[in-house]
Amino acid sequence: MVLVVAGLTAVPGVVKAVHLPSPGWTVPIVLAVAGVLLGLWKPLLSARSDVLATRIKSRADRESRAMDALRALPTRKDKVLRVEEVTSRAVLDIHKAIPLPAGAAGIGLSDELPEYVARDIDADLRTYLTARSTTGGFALLVGPAAAGKTRTAYEALRQVLPDWRLLMPATGAEANELAAVGADLSHSVIWLNETQDFLTGSTPLSAATVRRLLADTARPVILLGTIWPDRYDQLRGMPDAPGSRSVGHLAADSQSTEGGQSLVGAEAGQPSESPGHNARDVLNQARPFAVSGFSGAEWERTAELARRDPRLALAAAHRESRMGMTQILSAAPELIHRWEQADNPYGKAVLTAAVTARRCGHPDTLPNSVLQALASHFLTGTQRATATATWFDDALEWACRPVHHAGDIAPLLPHAKIIGHIDGYRVTDILTHHLAPTSPAQPPDRLSHDVWDTLIATVTEDACNSVGYAAYVNNQLPQATAAWTRAGEAGHTEAMFNLGVLLFDQGDNDGARIWWARAAEQGHTGSMRAVGALLHRQGNTDGARTWYTRAAEGGHIESMGALALLLSDQGDTDGARTWYTRAAEGGNTVAMTVLAVLLKEQGDTDGAHTWWTRAAEGGNTLAMTYVGLQQHDLGDTDGARTWWTQAANAGHADAMVKLGALLRREEGDTDGARSWWTQAANAGDIDAMFNLAVLQYEQGDTDSARTWWTHAAEGGNTLAMVNLGVLQYEQGDADGARTWWTRAAERGDATAASSLAQLREG
């Protein structure tokens with residue numbers, strides 16, 4: 001035994017070094033990671049034969065389209081307005097306020113807008129806008145209806161970016177067109193008030209559009225949106241599909257790429273664009289700012305301004321109510337009371353029908369046919385039996401009656417595009433967002449099938465797509481199928497694609513392929529990619545390449561990546577690099593990262609740094625980690641810490657490991673290192689487990705060290721196996737030491753092999 005001990009004294013003790021990766025091994029590791037991401041690419045789909053002709057239109061035609069896209073927005077003499085030139089409450093879609101008392105208008109107050117009460121988030125929001133005015137950014141104000149989100153956003157713009165153009169698309173399609181036509185949008189604000197409507201319409205704002213706008217840092221664009229908290233949580237937290245064979249989890253090793261993008265999937269044939277994928281991707285690119293009820297400080301500021309504005313004085317007098325100041329100014333208490341305590345059961349039923357339809361995805365203008373059909377579900381049998389011939393018209397008149405003697409704030413208001421012809425009615429979103437237990441309307445996931453069926457049967461085919469989306473979000477899959485089938489049969493390509501995803505999720509590959517093929521033939525590039533992916537999965541690479549090429553030439557960013565990967569597999573390096581470049585230029589940060597790796601391999605260090613930096617600025621955490629490593633190698637510790645902190649806060653485990661090493665080795669911050677390594681270790685990072693064990697061992701906590709080294713060893717870390725052997729031996733467990741050293745020796749570790757030999761000799 002003495003010989004054994006003597007022999008073991010020559011074996012290095014516990015490995016305590018915490019390694020900060022160097023460029024020598026980082027590049028191949030990054031390339032390997034990128035290869036995994038690209039190997040997981042969700043390749044899915046291709047374009048019609050005339051797409052190429054469309055894509056190579058003349059410069060004059062593109063400029064004409066760009067001008068048409070800009071003219072579709074609110075303009076003055078074909079000139080887009082600047083922020084400071086837009087002062088109309090209605091144009092900004094700010095809730096109408098309670099009217100000024102008689103005689104108050106002459107004291108310099110606006111009839112439309114009460115005096116602005118500074119909000120607590122103003123400083124943070126305005127600082128963000130100022131910082132992003134040079135690179136572009138996406139700010140999203142999250143708060144309930146009538147919380148003051150829109151006014152807060154506008155006042156911030158007027159303060160920080162008064163000279164910027166204010167582009168106000170009405171739909172996701174208009175926003176997509178702005179980016180697609182290549183219009184010069186530099187120093188423009190894209191106004192996305194009620195962002196949830198841009199993400200759930202018939203043609204939603206695409207994540208690729210947002211990515212493309214934010215990627216062009218030389219021509220900064222600010223996207224500014226507002227959204228309700230429940231819709232933000234619902235859309236951002238929704239899985240790719242709620243069924244048993246979720247498209248987002250088709251294979252055990254499926255994963256999203258860095259920066260919230262998904263260029264590749266676990267299997268060829270796994271569609272990444274489920275109905276929820278795009279909305280979540282868009283929201284993940286935004287910086288959220290919470291706008292909630294008034295704080296004490298905000299109420300104090302209200303009291304100061306109340307001396308000048310009698311509307312604020314009225315709100316301040318109701319400070320103790322459960323309503324916030326902005327809700328009081330918007331007449332929310334009166335609107336809710338009218339609905340909940342209705343003295344007209346038919347009017348109440350019409351309002352409940354309107355709220356139900358909107359919550360179930362119907363566009364904001366509700367036709368009479370939809371309101372009348374749905375209202376019947378919210379009447380008792382006696383009320384239906386005793387209804388007069390004019391019950392519906394009387395109900396509309398009651399619901400449209402203003403809640404104040406002056407002004408036109410009402411629960412329901414008519415809407416028309418042509419003078420003298422009412423298209424339908426719009427319900428105030430104060431009621432739509434009224435989710436208290438006293439609300440007469442049930443949440444969508446608790447509605448009866450009869451209500452869903454009536455809605456789907458009476459809405460237009462175009463509205464059926466957004467109704468199907470709402471049903472899908474609320475896990476009402478039969479209703480989603482019915483709505484998308486009706487819309488798809490009417491030729492709605494987005495509904496065809498969504499239906500294909502839903503069928504795929506349910507295991508019906510043939511049904512999915514049929515719907516995707518129908519949409520692809522009508523030019524839907526996402527469906528082209530899906531058809532190509534299914535062919536790829538079946539081994540038909542020629543067919544897959546055809547569909548990928550059509551989709552890529554049609555501008556589909558993910559298809560560019562799928563095509564690049566396929567070309568790379570087939571040995572066409574130049575072709576692969578071309579499509580990676582196209583995808584990168586289109587704003588996809590994963591393609592930027594892979595392109596940077598390729599350039600680094602070719603010796604183009606500057607080019608690689610440029611693309612890694614662009615990817616990092618676009619939110620790609622892998623790129624942030626590498627840029628941080630470059631900064632560290634150049635001696636810029638502050639720059640390295642900044643990038644690694646940003647990536648670590650976004651959940652990138654490798655950045656947490658590097659940040660922890662930086663804090664411990666160069667700043668002596670052991671607690672900070674432990675915190676980051678613990679987070680990374682809990683997320684499954686093997687290096688973090690090893691480093692955390694070293695730290696625990698040094699501090700004398702051998703039990704914790706043993707636990708984390710065991711986790712790391714079971715994850716394949718040979719140094720952890722060696723250390724466990726040493727620790728076991730120190731504790732008198734020669735058999736345990738032998739077990740771990742044997743495993744490490746079998747993996748080629750010379751130290752373990754030497755220790756094992758000495759143990760046998762002893």
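The values are calculated or read from the model by the stated rules, or taken from the named source; none is laboratory data. Predicted model only: the values in this text are computed from it and were never measured. Virtual Cβ from ideal backbone geometry, glycine too; neighbours counted across all protein chains shown. Ligands, DNA and RNA are stripped out before the accessible areas are found, and what is left, the full protein with its side chains, is counted by its heavy atoms. Shrake-Rupley method; radii C 1.70, N 1.55, O 1.52, S 1.80 Å.
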From the residues in segment 291-340 that are within 21 Å of D408 (Cβ to Cβ) and part of a loop (DSSP other than H, G, I, E, B), which one is modelled with the lowest pLDDT?
M323
Suppose the filter is modelled with pLDDT under 90, of a type in the set (A, V, I, L, M) and crowded, with 17+ Cβ neighbours inside 10 Å; does V627 pass it?
no
Against the condition part of a helix (DSSP H, G or I), of a type outside the set (G, A, S) and modelled with pLDDT of 90 or more, how does L499 come out, does it pass?
yes
Flagged pairs (Cβ under 9 angstrom, 6 or more apart or on separate chains; first in segment 695-718, within 20 Å of W741 (Cα to Cα); second open to solvent by 70 Å² or more (accessible area, probe 1.4 Å) and of a type in the set (S, T, Y)) are none
Given the options T203, T217, name the one that is more than 24 Å from T525 (Cβ to Cβ) and in contact with a Gly (Cβ under 9 Å, 6 or more places away or on another chain).
T217
Of these, G603, G651, G619, which one is closer than 21 Å to R212 by Cα and outside any helix (DSSP H, G or I)?
G619
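Condition check ((1) open to solvent by 40 Å² or more (accessible area, probe 1.4 Å); (2) in a helix (DSSP H, G or I); (3) not small (G, A, S)) across all residues:
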site: S704; (1), (2), (3): no, yes, no
site: W708; (1), (2), (3): yes, yes, yes
site: M721; (1), (2), (3): no, yes, yes
site: Q728; (1), (2), (3): no, yes, yes
site: G732; (1), (2), (3): yes, no, no
site: D735; (1), (2), (3): yes, yes, yes
site: R738; (1), (2), (3): yes, yes, yes
site: W741; (1), (2), (3): no, yes, yes
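Kindly evaluate S369 against the criterion of being open to solvent by 50 Å² or more (accessible area, probe 1.4 Å), over 30 Å from P229 (Cβ atoms) and touching a residue at least 12 places away in the same chain (Cβ under 8 Å).
Yes, satisfied.
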If I filter segment 306-327 down to residues being of a type in the set (A, V, I, L, M) and in contact (Cβ under 8 Å) with a residue 40 or more places away in the chain, which single residue comes out as farthest from A395 (Cα to Cα)?
L312
Would you call L599 at pLDDT below 90, more than 24 Å from the chain's Cα centre (by Cα) and among the aliphatic types (A, V, I, L, M)?
yes
I'd like the full set of residues that are in contact (Cβ under 8 Å) with a residue 40 or more places away in the chain and surrounded by fewer than 20 Cβ atoms within 10 Å (Cβ to Cβ), limited to segment 146-164.
R158, P162, D163
Checking the structure you have, find out if any residue of segment 662-679 is of a type outside the set (S, T, N, Q) and farther than 27 Å from G635 by Cα.
no
Residues that are acidic (D, E) and either more than 30 Å from V210 (Cα to Cα) or outside any helix (DSSP H, G or I) (or both): does segment 676-694 have at least one?
yes
Index of the failed condition, P114 passing every other in (1) free of Cβ contacts under 8 Å to residues at least 24 places away in the same chain; (2) farther than 30 Å from R211 by Cα; (3) not hydrophobic (A, V, I, L, M, F, W, C)
(1)
Only residues that are at pLDDT 90 or above, part of a helix (DSSP H, G or I) and in contact with a Lys or Arg (Cβ under 8 Å, 6 or more places away or on another chain): list them for segment 168-195, please.
none
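Condition check ((1) within 30 Å of V403 (Cβ to Cβ); (2) basic (K, R); (3) open to solvent by less than 40 Å² (accessible area, probe 1.4 Å); (4) modelled with pLDDT under 85) across all residues:
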position	(1), (2), (3), (4)
L81	no, no, yes, no
E85	no, no, no, no
I94	yes, no, yes, no
A105	yes, no, no, yes
P114	yes, no, yes, no
Y128	no, no, yes, no
S133	no, no, yes, no
L140	no, no, yes, no
Just need a number here: residues in segment 401-449 that are in a loop (DSSP other than H, G, I, E, B), surrounded by fewer than 16 Cβ atoms within 10 Å (Cβ to Cβ) and either touching a Phe, Trp or Tyr at 6+ places or on another chain (Cβ under 7 Å) or among the polar types (S, T, N, Q) (or both).
3
Inside segment 473-509, can you point out the residues that are aliphatic (A, V, I, L, M), more than 16 Å from A279 (Cβ to Cβ), out of contact with any Asp or Glu (no Cβ under 6 Å at 6 or more places or on another chain) and buried (at least 24 other Cβ atoms within 10 Å of the Cβ)?
A483, M496, L499
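Residues are listed down the side, and each one gets a yes or a no for (1) open to solvent by 30 Å² or more (accessible area, probe 1.4 Å); (2) small (G, A, S); (3) in contact with a helix residue (DSSP H, G or I) (Cβ under 6 Å, 6 or more places away or on another chain); (4) in a loop (DSSP other than H, G, I, E, B):
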position	(1), (2), (3), (4)
L166	no, no, yes, no
T203	yes, no, yes, yes
V210	no, no, yes, no
L214	yes, no, no, no
L223	no, no, no, no
Can you tell me which residues in segment 525-554 are out of contact with any Gly (no Cβ under 9 Å at 6 or more places or on another chain) and closer than 18 Å to W484 by Cβ?
G526
